[in-house]
């Protein structure tokens, strides 16, 4: 089972036939509209923005990418903050 937010591309006609063909081994569970509290990655993005991007000016997109990549590199090892944020036991 895959849990997805309610983005339009998750409902796309483009892959509807594939989803139907794979129904015996693949299920797509769509979260209700406007429910970021149910999607742990939204909490991660919120923390990332607060820690790395808020109240900062970046001259280029590459500067933003470098800061975000550095934070994700820090989080790549076992991390209690992300574990609590995503409610992973």
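Nothing in this text is a laboratory measurement; each read-out follows from the coordinates by a stated rule. Treat the numbers as computed from the prediction; the structure is a model and nothing was measured. Neighbour counts are summed over all protein chains in view; Cβ atoms, including those assigned to glycine, are modelled from backbone coordinates with ideal geometry.
Rundown of residues vs (1) surrounded by fewer than 10 Cβ atoms within 10 Å (Cβ to Cβ); (2) more than 15 Å from the chain's Cα centre (by Cα); (3) closer than 23 Å to residue 37 by Cβ, yes/no style:
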{"residue": "48", "(1), (2), (3)": "no, no, yes"}
{"residue": "52", "(1), (2), (3)": "no, yes, yes"}
{"residue": "59", "(1), (2), (3)": "yes, yes, no"}
{"residue": "65", "(1), (2), (3)": "no, yes, no"}
{"residue": "75", "(1), (2), (3)": "no, no, yes"}
{"residue": "84", "(1), (2), (3)": "no, yes, yes"}
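Would you please name the residue that is surrounded by the most Cβ atoms within 10 Å (Cβ to Cβ), looking only at residues in the range 4-46 that are more than 30 Å from residue 81 (Cα to Cα) and under 16 Å from the mean Cα position of the chain (by Cα)?
9
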